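The block underneath contains the structure these notes are about, expressed in structure tokens.
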Amino acid sequence: MNQDTRVTDGSDVPSRRGLDRRTVLRGAALGAASPLIPATTAAASAEDGGRRGGPAAGSASFRWLGTAGWRIDVGDRTVLFDPYLTRFPTGLFDGAFDPRTPLRTRPEIVDAHIGRPELVLVSHSHWDHLADVPHIARTTGARVIGTETTYHLLVSLGVDAGQISVVKGGEVLDLGGITVEAVPSLHSRNKKFSYFAPGTLNAPPATVPSTIADLPEGDTLAFQVTAGTGGPSAFLTGASDFSERAVRGLRPDLAMIAVPSSTATLRYVPRLLRALDTPGVVVPVHWDNFEVPLNGSPVPDPAMDLDTFLAQVAKVSPAARVVVPDYRTVYDGDMRPARE
């Protein structure tokens, strides 16, 4: 598979969704590919101007942090989602998975990617989503939004309880120019219809977490983040399952969708895209080997069938533009390589 940024595009301008409007892209061609365009030299389309009721697409930018993670910058404000950057080995990708693998954070790696975040959104509490969050919260003072399990784990790991906001899904939070909607969601399932470290916490853990097995899933959330009053809006997932009823009506501009490792969830891609009203831009995530350092191009997780995912998106939503992201690219609010 080509490791550079891959785009399938049906138009020069992606779909833009206000509260009551929708423009459909035309003539998408799956399989059209574009090489990586460095962010420092990419030219934005002159047609990618302002959205009705909201800021121009260029006022928001997106950086894929690998796995499910994102850095979203809206002007000079930064929101992180599932920022796992240390990417330490557990044996998961070489057949020697060890649940007793010690938790660790490498500040020099994390700090190089996160900017000055004011908000950290956490989908669930597995290590590949939460492990670097304690360091980020303690050193930046960023507010963390997540489940009750995430709350108890972070407090036990030294994060100030006053920094953490617990949500259940359904909350719509006004952060003064950035809107965050917490969405009830579900964790992916493997071929045996199960997943690693299930369970929730309703009280602090008996001992401070020290291994990856000490971080249970603890329920799963998705989030929709909207810049300004009209977008861009990005639907962010940390796992490849969802609550169909919970996502209906969200209608995001961008959908960052986790690629599944199995077919355990019935018709995952078509059900999700239709429930979201077929977003104009689809971005697959959580398909990379997250034990390889975050430099160079992504290395695929062999358990994830990215090409089948892309084919399913093309079949269900042929007008969608699909962007396979790269670590090295800064994207604008339409998920096009941005000027710097």
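Could you please let me know if residue 156 is surrounded by fewer than 21 Cβ atoms within 10 Å (Cβ to Cβ), polar (S, T, N, Q) and touching a residue at least 24 places away in the same chain (Cβ under 8 Å)?
Here the answer is yes, as residue 156 does meet what is asked.
Kindly check whether there is at least one residue in region 110-121 that is buried (at least 24 other Cβ atoms within 10 Å of the Cβ) and touching a residue at least 12 places away in the same chain (Cβ under 8 Å).
Yes: region 110-121 contains one or more residues that are buried (at least 24 other Cβ atoms within 10 Å of the Cβ) and touching a residue at least 12 places away in the same chain (Cβ under 8 Å).
Could you please find all residues in region 128-176 being of a type in the set (Gly, Ala, Ser) and part of a helix (DSSP H, G or I)?
Hits for region 128-176 are 137, 156, 161, 162.
Taking region 254-266, which residues are outside any strand (DSSP E or B) and out of contact with any helix residue (DSSP H, G or I) (no Cβ under 9 Å at 6 or more places or on another chain)?
261, 262, 263, 264, 266 - these are the residues of region 254-266 that are outside any strand (DSSP E or B) and out of contact with any helix residue (DSSP H, G or I) (no Cβ under 9 Å at 6 or more places or on another chain).
Test residue 203 against the criterion of being touching a residue at least 40 places away in the same chain (Cβ under 8 Å) and part of a strand (DSSP E or B), and give yes or no.
Answer is no for this residue.
State yes or no: is residue 215 of a type in the set (A, V, I, L, M, F, W, C) and closer than 16 Å to residue 171 by Cα?
It is false that residue 215 is of a type in the set (A, V, I, L, M, F, W, C) and closer than 16 Å to residue 171 by Cα.
Just one of 181, 171 is surrounded by fewer than 19 Cβ atoms within 10 Å (Cβ to Cβ), of a type in the set (D, E, K, R) and farther than 21 Å from residue 127 by Cα; which is it?
Going through 181, 171 in turn, just one is surrounded by fewer than 19 Cβ atoms within 10 Å (Cβ to Cβ), of a type in the set (D, E, K, R) and farther than 21 Å from residue 127 by Cα: 171.
Does at least one position in region 108-125 carry a residue that is at pLDDT 95 or above, part of a helix (DSSP H, G or I) and over 21 Å from the mean Cα position of the chain (by Cα)?
So far as region 108-125 goes, yes, one or more of its residues are at pLDDT 95 or above, part of a helix (DSSP H, G or I) and over 21 Å from the mean Cα position of the chain (by Cα).
The values are calculated or read from the model by the stated rules, or taken from the named source; none is laboratory data. Small disclaimer: the values here were computed from a predicted structure and weren't measured. Heads up, the Cβs are rebuilt from the backbone with ideal geometry, glycines too, and the neighbour counts pull from every protein chain shown.
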